[in-house]
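S.K.: Before we start, here is the structure in question, set down as structure tokens.
FYI, it's all coordinate maths here, none of it is from the lab. Predicted model, so just to flag it, every value in this text is computed and none were measured. Positions of Cβ are backbone-derived with ideal geometry, glycine not excepted, and every protein chain shown enters the neighbour counts.
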Amino acid sequence: DQEIYDLKIKHSSEVLFDLNVDILGICEVENSTVLHDLNNAYQERDYSIIHYDSPDNRGIDNALLYDKNRFLIVSSKPIVNRLKNGGNTRDILYVLGKYQGKLLHIFVNHWPSNYGGREKAIPKRTSTAELIIKEIELLRKIDESAEIILLGDFNENPDEKNIQLLEENGLISLMKSMLGQSGIGTYVYRGKDYFYDQIIVNTQLQDAKNLSILSKSLSILDLPKYRQQEGNYKHYPFRFWAGNRLLGGYSDHLAVKVQIINN
């Protein structure tokens, strides 16, 4: 109902306030209306919005919010992700823009989840990874020095098969260095921490030329209010929903951020 919806928007705007970023990739977007409502609720910036309806069966999309005073759009498109079994899933959102005067290629991702069985899901993510690699190869043919960043929920850890497939093609997950640290992650399942929400960059975004990742700037938005502090689910991200039950939290995933500088 309206009261629950308003609470969701209010809590999501708190996340935007705590992140305070120039460019924001979002997953599980229902439609453009909710993005405008979210933007209106967040008073500190007036974001511009890029969103395309995707053919996902659940009706959820990817989107990009950006501060037009900090990021100038050159082009954008949805990359249709046709799975080999013919199933529908989210498009990958591609955006090209100028950040601090330099071109930046952004891919917003929400890879197929393990819902319905992990073994069935892995090939779907392989297909998705191969699609991204193909798109990036096309970019590199045009510009070998293209600076590329992937954002989103990949539904895999940095050391799993399909993220490793990206790594074999010159794309490194910045979350990889966090693996194995106790009590750290962006998602919890059956008491175990996972790094499904990742920022992945190519080597050109890690050198000291043009744009680059600021050293030690990667962080997980892991404030106490975003985790349950007691009970059987202590340490789990404080969800807004649990099945059909309203918990009134924020999300079952934690947001991640990084700072990019112009050398």
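S.K.: Over the Cα atoms of the stretch 1-123, Rg to Rh with Kirkwood Rh, two decimal places?
M.R.: Values: Rg = 15.7 Å, Rh = 15.7 Å.
My calculation of the ratio gives 1.00.
S.K.: Assigning unit charges at the beta carbon (Lys, Arg +1; Asp, Glu -1) and nothing else, what dipole magnitude in debye, to the nearest 20, does the chain show about its Cα centre? Write down the numbers at each step before the final one.
M.R.: On the way: 31 positive and 35 negative charges, 84 e Å.
Around 400 debye, computed over the chain.
S.K.: Among 40, 157, 232, which one shows the highest mean-square fluctuation when the chain is modelled as a Gaussian network with alpha-carbon springs under 10 Å?
M.R.: 232
S.K.: Which of 169, 244, 81 ends up with the largest GNM mean-square fluctuation for the chain, with Cα atoms connected below 10 Å?
M.R.: Ranking 169, 244, 81 by mean-square fluctuation puts 244 first.
S.K.: Pick out, in residue order, every one of the GluC sites (Glu not before Pro) in the stretch 106-184 that is DSSP loop and has at most 12 other C-beta atoms within 10 Å; say none if there are none. Walk me through the numbers before you get to the answer.
M.R.: Details: sites: 119, 130, 135, 137, 144, 147, 156, 160, 167, 168; in loops: 144, 147, 156, 160.
Counting only loop positions with at most 12 other Cβ atoms within 10 Å, the GluC sites (Glu not before Pro) in the stretch 106-184 are 144.
S.K.: To continue, here is another question. With only Lys, Arg, Asp and Glu charged, each at its Cβ (+1 for the first two, -1 for the last two), find how big the charge dipole of the stretch 168-257 is about the Cα centre; round to the nearest 20 debye. Walk me through the numbers on the way to the answer.
M.R.: Numbers: 11 positive and 7 negative charges, 47 e Å.
Around 220 debye, computed over the stretch 168-257.
S.K.: For every other residue with a beta carbon closer than 14 angstrom to the beta carbon of residue 247, add +1 if it is Lys or Arg and -1 if Asp or Glu, then tell me the sum. Please list the in-between numbers first.
M.R.: Numbers: positive: 8, 225, 227, 234, 239, 245; negative: 230, 252.
So the surrounding residues net to +4.
S.K.: Same structure again: Taking the Cα centre of the stretch 1-91 as origin and charging only Cβ (+1 Lys, Arg; -1 Asp, Glu), how large is the dipole, in debye to the nearest 20?
M.R.: 560
S.K.: Looking at 198, 121, 258, which one has the Cα that reaches farthest to the positive end of the dipole of the chain (charges on Cβ: Lys, Arg +1; Asp, Glu -1)?
M.R.: 121
S.K.: Please report Rg over Rh for the stretch 80-219, where both radii come from the alpha carbon positions and Rh follows the Kirkwood definition. Mind dumping the intermediate values first?
M.R.: Numbers: Rg = 15.3 Å, Rh = 15.8 Å.
Ratio of gyration radius to Kirkwood radius: 0.97.
S.K.: Then there's this: Between the alpha-carbon centers of the stretch 190-241 and the stretch 1-28, tell me the distance in whole angstrom.
M.R.: Value for the Cα centre distance between the two parts: 17 Å.
S.K.: For each pair in 84/161; 161/225; 120/234; 84/120; 8/192; 102/134, compute the distance between the two Cα atoms and list the pairs where it is over 21 Å.
M.R.: Numbers: 84/161 18 Å; 161/225 33 Å; 120/234 30 Å; 84/120 12 Å; 8/192 26 Å; 102/134 23 Å.
Violating the 21 Å Cα-Cα cut-off are 161/225; 120/234; 8/192; 102/134.
S.K.: A further question on this structure: Counting other Cβ atoms within 10 Å of each Cβ, which GluC sites (Glu not before Pro) in the stretch 17-52 have at most 10 and sit in a DSSP loop?
M.R.: On the way: sites: 28, 30, 44; in loops: 30, 44.
Those that pass, being in a loop and sparsely packed, are 44.
S.K.: Taking the chain as the region of interest, what is the percent of Cα-Cα pairs per 10 angstrom bin, listed from the shortest bin to the one with the maximum distance?
M.R.: 6, 30, 39, 22, 3, 0
S.K.: DSSP loop (so not H, G, I, E, B), at most 12 other Cβ within 10 Å: list which trypsin sites (Lys or Arg not before Pro) in the stretch 136-205 pass both filters.
M.R.: Numbers: sites: 140, 141, 161, 176, 190, 192; in loops: 190.
Within the stretch 136-205, the qualifying trypsin sites (Lys or Arg not before Pro) (loop, at most 12 other Cβ atoms within 10 Å) are 190.
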